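The next block holds one structure in the form of structure tokens; read it before the comments.
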Amino acid sequence: MNVLVIGGGGREHALVWKLRHSPLVERLYCSPGNPGMTEAECIGPADFEHLADFAKRQHIGLTVVGPEGPLCAGIVDVFRARGLTIFGPDREAAQLEGSKAFAKAFMGRHGIPTAAYGRFTEAATALQHLAAHGAPIVVKADGLAAGKGVTVARTADEAAQAVRDCFSGAFGEAGRTVVIEECLVGEEASILALTDGRTIVPLASAQDHKAVGEGDTGPNTGGMGAYSPAPVVTPELWRLIERDVLGRFLAGCQKDGLDFRGVIYAGIMVTANGPRVLEFNVRFGDPETQAILMRLDSDLAEAMLATAERRLDSVRLRWSADPAVCVVMASKGYPGAYGKGDPIAGLEDAAAAGAVVFHAGTAAKDGRLVTAGGRVLGVTARGPTLRQARDTAYAAVDRIHWRGAFCRRDIAHRALARQATP
Ligand code: AMP
Ligand code: GLY
């Protein structure tokens, strides 16, 4: 089978890397891809119709969509209308990520535990709600805002500013509706699951590090590192998540007639009162996927094809017990403004240290590999213990250099602290 992956970041590199292990996969393409993807032929960017033309011409048996943008814009609908097999929710179901108000209403209808909230389309009523509830409180632009639309406001002023920013167009269309939520307290976990609309199969748990600075300080990023499994998800909590989040999610899709054949990612806050869903994403997490796929022993292509063809009940996923850690190396300044075009050295040494280096923001220039994004590389390793996996990842990180490279030195700190306390 020939396979096409859509996207070009670290998550897509991890998908391509894992798909390349599958005996089912013959030719593997990625659009646009990135220079690290030696496992695939990168075909550059194209619009949905041209990608569907390509898929027809090259006899693509399965297309896998990485990012939320194309899913929310309806790539799945375009491909299915052309009789192509594609992994991902259709445009309607993708609103579970594309609109926070849609997701909150879905959770409310189907009894999925989440923060209390209000939905507003005018600044005046939103500000009244803030005045009545006080801080801390969470203000979210309804639509896709590249991870920047959420403000966890510590003060009433900060919350009011976030509301004004949304309605004054800071996030464009995405901010025309605002969701204001109760502020939850706890540790976060990322729970991903494959679903074909009939069956739901959880993947290994993970935790992501969103803040840019060590000790989870500073502004939020797309994710500075991740590890799997996440020990905060105890067996008891896992049962609750399966029943109250994943089970109700599947039942909800069935009741609402949503065509969801892909991966659902529930961002969970583990509160004193049990798990609460912070958000749904309708795609793989980045960088969670880099860590999770390092632990998957089963054939990913087979599982994804079964998902797209509604045969997921035939799939059993096998996982390595060995934990995995992904450390993101970023460009100085990220998540603010950062430079580009700095030559990257040491990737072969890093691989020799036992890590797999997934590319996220790299480019080829005059035959050299250079930086081309905020998050540049995801240095990922597996080990018999979490500590060993982490040590291997950092040993590899220490062999990679470019001007202005930085990373967090404390990836997996919560899990390691948990293990240290009896
Ligand atoms: P979201 O994009 O909705 O997941 O929000 C991004 C981040 O904001 C989450 O990973 C949390 O760290 C934080 N967050 C979102 N919603 C809440 C909430 N209701 N209470 C506390 N923190 C939140
Ligand atoms: N790592 C967070 C996300 O993928 O949304």
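The values are calculated or read from the model by the stated rules, or taken from the named source; none is laboratory data. A quick note: this is a predicted structure, and the numbers were derived from the prediction, not measured. Ideal geometry is used to build each Cβ from the backbone, glycine not excepted, and the neighbour counts take in all protein chains shown. Calculation scope for accessible area: heavy atoms of the full protein, side chains included, ligands and nucleic acids excluded. Shrake-Rupley method; radii C 1.70, N 1.55, O 1.52, S 1.80 Å.
Solvent exposure of ILE43, expressed as accessible area, is near 60 Å², computed with a probe of 1.4 Å over the protein chains only.
Charge dipole (Cα centre; +1 on Lys/Arg Cβ, -1 on Asp/Glu Cβ; no other charges) of the chain amounts to roughly 240 debye. The order of GLU288, GLU68, GLU49 by accessible area, most exposed first and with a 1.4 Å probe, is GLU49, GLU68, GLU288. Backbone amide hydrogens, once placed in the peptide plane, bring ALA211 within less than 5 Å of THR221, excluding anything fewer than 5 places away on its chain. Comparing Cα centroids, the stretch 367-384 and the stretch 160-176 end up 34 angstrom apart.
The candidates LYS100, LYS140, LYS255, arranged from most to least accessible area with a 1.4 Å probe in the full protein assembly, appear as LYS255, LYS100, LYS140.
For GLY8, the residues whose modelled amide H falls within less than 5 Å of its own, excluding neighbours fewer than 5 places apart on the same chain, are GLY33. Once all protein chains are placed together, GLU181 keeps about 10 Å² accessible to a 1.4 angstrom probe.
Using 0.36 nm per residue, how much length does the chain from THR121 to ARG318 gain when fully extended, once their Cα-Cα distance is taken away?
On the way: separation 197, 0.36 × 197 = 70.92 nm, distance 4.59 nm.
Contour length minus the Cα-Cα distance gives 66.3 nm.
Nearest 20 debye, what's the magnitude of the dipole of the stretch 18-161 about its Cα centre given +1 on Lys and Arg Cβ and -1 on Asp and Glu Cβ?
Details: 15 positive and 15 negative charges, 63 e Å.
Dipole magnitude for the stretch 18-161 comes out near 300 debye.
Solvent-accessible area of the chain (1.4 angstrom probe, protein heavy atoms only): carbon and sulfur portion equals 50 percent.
Of the cross-linked pairs LYS332/LYS365; LYS148/LYS340; LYS104/LYS148; LYS56/LYS340; LYS140/LYS365; LYS18/LYS104, which ones have a Cα-Cα span greater than 30 Å in the structure shown? Display every interim value, and only then the final one.
Working: LYS332/LYS365 20 Å; LYS148/LYS340 21 Å; LYS104/LYS148 19 Å; LYS56/LYS340 36 Å; LYS140/LYS365 39 Å; LYS18/LYS104 33 Å.
Cα-Cα > 30 Å for LYS56/LYS340; LYS140/LYS365; LYS18/LYS104; rest within.
With a probe of 1.4 Å, find how much accessible area the chain has per residue, and write the answer as a whole number in Å².
Values: 17010 Å² over 422 residues.
That works out to 40 Å² for each residue.
Karplus-based coupling profile of the stretch 190-200, in residue order and whole Hz: 10, 10, 10, 8, 7, 9, 10, x, 10, 10, 10, with θ = phi - 60° in 6.51 cos²θ - 1.76 cosθ + 1.60 and x standing for Gly or Pro.
Can you give the extra length, in nm with one decimal, that the chain gains between ARG82 and ASP53 once fully stretched, where that is 0.36 nm per residue apart less the Cα-Cα distance? It would help to have the intermediate numbers written out before the result.
Values: separation 29, 0.36 × 29 = 10.44 nm, distance 0.90 nm.
Length gained between ARG82 and ASP53: 9.5 nm.
How would the chain be classified by its alpha-carbon gyration tensor: rounded, prolate or oblate, with rounded meaning a/c under 1.5 and the a/b versus b/c comparison settling the rest? In terms of gyration-tensor shape, rounded.
For LYS365, nonlocal amide neighbours, meaning residues 5 or more places apart or on other chains whose placed amide H falls under 5 Å from its own, are VAL370. Heavy-atom accessible area with a 1.4 Å probe sorts MET1, MET269, largest first, into MET1, MET269. Take the Cα of ARG310, go 7 Å toward its beta carbon, and the backbone nitrogen atoms of the stretch 229-255 under 17 Å from that spot belong to 250-255. Rounded to the nearest 0.05, what FRET efficiency do ARG154 and ARG109 have when you use their Cβ-Cβ distance and R0 = 30 Å? Once rounded, the FRET efficiency stands at 0.45. Once each part is reduced to its C-alpha centroid, what is the distance from the stretch 48-120 to the stretch 207-233 in angstrom? Centre-to-centre (Cα) distance: 26 Å. Can you bin the stretch 251-319 into rounded, prolate or oblate? Criterion: square roots of the alpha carbon gyration tensor eigenvalues sorted a ≥ b ≥ c, rounded for a/c under 1.5, prolate for a/b above b/c, oblate for the rest. Taking the square roots of the gyration eigenvalues as a ≥ b ≥ c, the stretch 251-319 is oblate. Note on the chain: dipole from Cβ charges, positive end direction compared against ALA131, GLY378, ALA324; the farthest Cα belongs to ALA324.
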